[in-house]
1. Out of curiosity, is Gly39 at positive phi and of a type outside the set (A, V, I, L, M)?
2. Residues Pro50, Pro20, Pro35: which one is modelled with pLDDT of 95 or more and in contact with a Phe, Trp or Tyr (Cβ under 6 Å, 6 or more places away or on another chain)?
3. Here are Ala69, Ala62, Ala43, Ala38: which of them is over 22 Å from Val12 (Cα atoms) and among the aliphatic types (A, V, I, L, M)?
4. Looking at region 21-76 only, could you name the residues that are hydroxyl-bearing (Ser, Thr, Tyr), within 15 Å of Ala88 (Cα to Cα) and in a helix (DSSP H, G or I)?
5. Which members of region 1-57 meet the condition of being under 11 Å from the mean Cα position of the chain (by Cα) and basic (Lys, Arg)?
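The values are calculated or read from the model by the stated rules, or taken from the named source; none is laboratory data. The structure displayed is predicted, hence computed values, not measured ones. Virtual Cβ from ideal backbone geometry, glycine too; neighbours counted across all protein chains shown.
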Amino acid sequence: MAHAPDDREAAVLARIRAVPEGFVRAYGDVSPGAPRFAGTVLAHTEEDVPWWRIVRADGSLAKGARQRALLEAEGVPFRGDRVDMRAARIP
């Protein structure tokens, strides 16, 4: 049986769904004050959300090459190994 998200989880998932193609948000942006909670929600959700658009605050990627390929396909700019947060981040 699928887990029904509580209000806090639902709010995080709604913020993740709202990130448009070609942009990113940091874990702390979608879960203010508790960025690790956003990671936990993403790790356990069975809902279809654009998880690849959520990155660390410094632009580094939690899911490596797979995540980078999805972001590059959407046109997200990089500076070396990290997302260019000045250009791609939606606060």
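1. On the way: at positive phi: no; of a type outside the set (A, V, I, L, M): yes.
It is false that Gly39 is at positive phi and of a type outside the set (A, V, I, L, M).
2. Numbers: Pro50 fails: in contact with a Phe, Trp or Tyr (Cβ under 6 Å, 6 or more places away or on another chain); Pro20 fails: in contact with a Phe, Trp or Tyr (Cβ under 6 Å, 6 or more places away or on another chain).
Every option except Pro35 fails the conditions.
3. Values: Ala62 fails: over 22 Å from Val12 (Cα atoms); Ala43 fails: over 22 Å from Val12 (Cα atoms); Ala38 fails: over 22 Å from Val12 (Cα atoms).
Only one candidate qualifies: Ala69.
4. Within region 21-76, Tyr27 is the sole residue that qualifies.
5. Arg15, Arg17, Arg25, Arg53, Arg56
Yes/no per residue for (1) more than 27 Å from Asp7 (Cβ to Cβ); (2) in contact with an Asp or Glu (Cβ under 8 Å, 6 or more places away or on another chain); (3) not charged (D, E, K, R):
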site	(1), (2), (3)
Asp48	no, no, no
Gly59	yes, yes, yes
Ala62	no, no, yes
Asp81	yes, no, no
Met85	yes, yes, yes
Ile90	no, yes, yes
